[in-house]
Structure formats: structure tokens, C-alpha cells
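Peer 1: Dropping the structure in here first, questions after.
The values are calculated or read from the model by the stated rules, or taken from the named source; none is laboratory data. Here the structure is a predicted model, which means the values were calculated and not measured. All Cβ positions, glycine included, derive from the backbone under ideal geometry; neighbour counts span all protein chains shown.
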Amino acid sequence: MVNFMSKLKSYFFANKRTRRIMNVPVPVQLGIYIERGEELVEELNQALSPHFLERMKYRFLQEHPNWQPYEFDWAFFELKRYFVMNKILKSVPMFSKEVDEVWHEMLMFTRDYEQFSKQFYQDMLHHTPNLDSKPIPGERSFFDWVYLSLFESTPNSRVLWGGFLKYPISQNILEDFKTLSEEELLNHYFRHNGEWMDLKRSLIKKMNLQIEESEQIKGEKPFVTKKTQSEAEVYQYALLPAVYFSLFYENEYEKVMQDAMSSEYYKATQYNSGSSCSGFACYVESDSKYSGHHGDWGDSGGSGDSGGSSCSSCGGGCSS
């Protein structure tokens, strides 16, 4: 009876869901930019048993008859990117309802998921619902900045994550990068596993350089729409404006970012009827609360590297 009700609920919401995911191949090697990125992706792939993935996909599609196989493939592709971010960062909120649905399905295979997590993280990557929720736009923007520093954006990525760079980066986060030492930033924002230290330091250096460059041109609005040949180039170009406008035009952020980027890439993205993704959280058309919490990226969720997680029912902010 429980299984029947679950399928009935899934079917009911299936008919309300408007598909926006395109049926195109996912990028190879997760579309990762960074030096030695293929090695990091290979670590992830080796930790994911093909038999586990095959069973998980089959069960997911059985439980979600509204999903096409290619839609699952794209959501799982973005989940793998999320797992890579968790390999690097101390805490990573979850901002996609559909990606989170696939993660939930993985958790149903308890032993397989534990084996994957222990192999890839040498620890458990937990996922625990938290119904007490608030919007976390500043953290969402930091998520976007790191995500776009690591990965090539695609139209399907924007659909699944609800767009990118739509809110200013938290002033607390920017102040930390301006004032804390590299060691303090590593301890506060990054996973304490001793791995991929060059990558972690390179992200710190990149943010520091963009803050310094922004301060050198303070008082100006030097960015205009730049015509490029790919979406990935658009977002690589947009990372510096995102930092600059977060620092000095926080109250005008949306307007000035729209001026600096093509509207094709900045427009709001919606992929669920009944919920709207505005770039930092999905909100359900009801009286429910939002997910997450303000301010301190490094302390969101659990303590240390165990990765305690908090998650909203709408996908607006799960912290691992």
C-alpha cells in the first residue's frame, strides 16, 4: 500500500512537471576545467560501482515514471559535480530539487552508498532533512562562484540549478577572503582531508585576486555584455563582475549583472510547475518555510568533516 501511494504521488506530480531538460549528451569528464581535474573525476567514478548505479537508475525510473532516462542522466551528472564540490569544500548546500531527488534515491541503497562515501571521502557524506528553513542567497552565490570555477556551464545545468550568479556573494564570505590567512580559509571553508590542497589554494588565490582587482577599479561600472562563442566563456567572464558587484553594488546587483551578462544566460529558470527556482532557493506555493541559514558557509550543516546535512523539502538549501 505504501509503495502504491508513493507511485501515485509521484505520478500526480509528474503530470504537473514541465520538462526543460534537453535530450543532449552530458559533457565528458564532468566538463571539469581545473588542472588534473580528470584525475579527480576518475577518483569519483572508481568509487561509484556500475552495478550500484545501474540498480539505482532502474529503481529511480520505476519510482518516477514522469522522468525520461536522459533526464535522470543529467540530474545524476549534476549530482556527481556536487559530490566533487563536497570533496573540496567543507560544506555544500544543495540547491536543486531534482538533483536532490536522485541523491535521495542513492541513499536508499544504504550499504552501496556508505561504501561509495567511505571510498571517495574517507568519511560519510550525510544527508539529513531540516524543516526549519530560511533563504541563503549569499551562500548560493558562493556556491555558484565555486561551481563555475570548476565546471563548464550548460543550458541543462542552468535548468537544474535554477540559474547562476543571480544574487550577491555574502559580505561575510568576502570579508573572510579579504582578512583571513590562507590557513584560516582552508580550515574554515574547505574539507580537512589533506587532499587536493593545490586546488583548494588555487580557489582561494582566485577569489583573492578578483577581490583585489575589484578594489583597484572601485567606483566604476566597467563591465558590459561581452559576446563570446560559448556559454562556458560567458560564465567565466562573469565571475569577476559577480565579485565586483557583490562588493560595491550589492543593492543593485541584479540590475548591474544583467547589464554585464547576456539575458539569455541571466534570465530566471523555472523547471517545476508549482515551484519556482530563483537562483538561491526553490519555493513551494504554500505556507512552508524556506531552507538553510544565513552567513557562515563554513559552519552550515554539521561539524567538522563528517558533513552533517540540512535540507529543505523544496531543494532550496541542503547542507552536506
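Peer 1: What pairs come out if I take residues in segment 189-212 that are of a type in the set (S, T, N, Q) and pair them with residues that are modelled with pLDDT under 95 and part of a loop (DSSP other than H, G, I, E, B) whose C-beta lies under 7 Å away, six or more apart or interchain?
Peer 2: Close Cβ pairs satisfying both conditions: Asn193/Gln122; Asn193/Asp305.
Peer 1: How about segment 148-187: which of its residues are surrounded by fewer than 22 Cβ atoms within 10 Å (Cβ to Cβ), of a type in the set (Ser, Thr, Tyr) and outside any loop (DSSP other than H, G, I, E, B)?
Peer 2: Ser149, Thr179
Peer 1: From the residues in segment 89-102 that are outside any loop (DSSP other than H, G, I, E, B) and under 13 Å from the mean Cα position of the chain (by Cα), which one is nearest to Gly37 (Cα to Cα)?
Peer 2: Leu89
Peer 1: Further question on the same structure: Can you name the residue in segment 226-269 that is closer than 20 Å to Met207 by Cα and assigned to a loop (DSSP other than H, G, I, E, B) and, of all such residues, is modelled with the lowest pLDDT?
Peer 2: Met261
Peer 1: What is the residue count in segment 36-47 for residues that are touching a helix residue (DSSP H, G or I) at 6+ places or on another chain (Cβ under 8 Å) and of a type in the set (Asp, Glu)?
Peer 2: Selection size over segment 36-47: 2.
Peer 1: To continue, here is another question. Six or more apart or on different chains, Cβ atoms under 6 Å: show the pairs whose first residue is in segment 139-167 and under 15 Å from Gln210 (Cβ atoms) and whose second is acidic (Asp, Glu) and crowded, with 23+ Cβ neighbours inside 10 Å.
Peer 2: Close Cβ pairs satisfying both conditions: Leu165/Asp144.
Peer 1: Right, next: Pick from Glu35, Glu78: which is exposed (fewer than 15 other Cβ atoms within 10 Å of the Cβ) and either within 30 Å of Lys206 (Cα to Cα) or in contact with a strand residue (DSSP E or B) (Cβ under 6 Å, 6 or more places away or on another chain) (or both)?
Peer 2: That would be Glu35, the only listed residue that is exposed (fewer than 15 other Cβ atoms within 10 Å of the Cβ) and either within 30 Å of Lys206 (Cα to Cα) or in contact with a strand residue (DSSP E or B) (Cβ under 6 Å, 6 or more places away or on another chain) (or both).
Peer 1: What number of residues within segment 40-71 satisfy the criterion of being closer than 30 Å to Glu233 by Cα and surrounded by 13 or more Cβ atoms within 10 Å (Cβ to Cβ)?
Peer 2: 8
Peer 1: To continue, here is another question. Within segment 213-225, take every residue that is surrounded by 11 or more Cβ atoms within 10 Å (Cβ to Cβ) and closer than 22 Å to Asp176 by Cα and give me the one that is modelled with the lowest pLDDT.
Peer 2: My answer is Ile217.
Peer 1: Do we find that Leu209 is assigned by TED's automatic domain parsing to the domain that holds Pro168, surrounded by fewer than 19 Cβ atoms within 10 Å (Cβ to Cβ), aliphatic (A, V, I, L, M) and at pLDDT 85 or above in this structure?
Peer 2: Working: assigned by TED's automatic domain parsing to the domain that holds Pro168: yes; surrounded by fewer than 19 Cβ atoms within 10 Å (Cβ to Cβ): yes; aliphatic (A, V, I, L, M): yes; at pLDDT 85 or above: yes.
When the stated conditions are applied, Leu209 passes them.
Peer 1: Taking Glu71, is it part of a helix (DSSP H, G or I) and without any contact (Cβ under 8 Å) to a residue 24 or more places away in the chain?
Peer 2: no
Peer 1: While we're here: Could you grab me the full set of residues in segment 25-47 that are farther than 15 Å from Leu199 by Cα and assigned to a loop (DSSP other than H, G, I, E, B)?
Peer 2: Within segment 25-47, Pro25, Val26, Pro27 qualify.
Peer 1: Can you find a residue in segment 274-285 that is modelled with pLDDT of 85 or more and either hydroxyl-bearing (Ser, Thr, Tyr) or more than 21 Å from Val146 (Cα to Cα) (or both)?
Peer 2: For segment 274-285, residues modelled with pLDDT of 85 or more and either hydroxyl-bearing (Ser, Thr, Tyr) or more than 21 Å from Val146 (Cα to Cα) (or both): absent.
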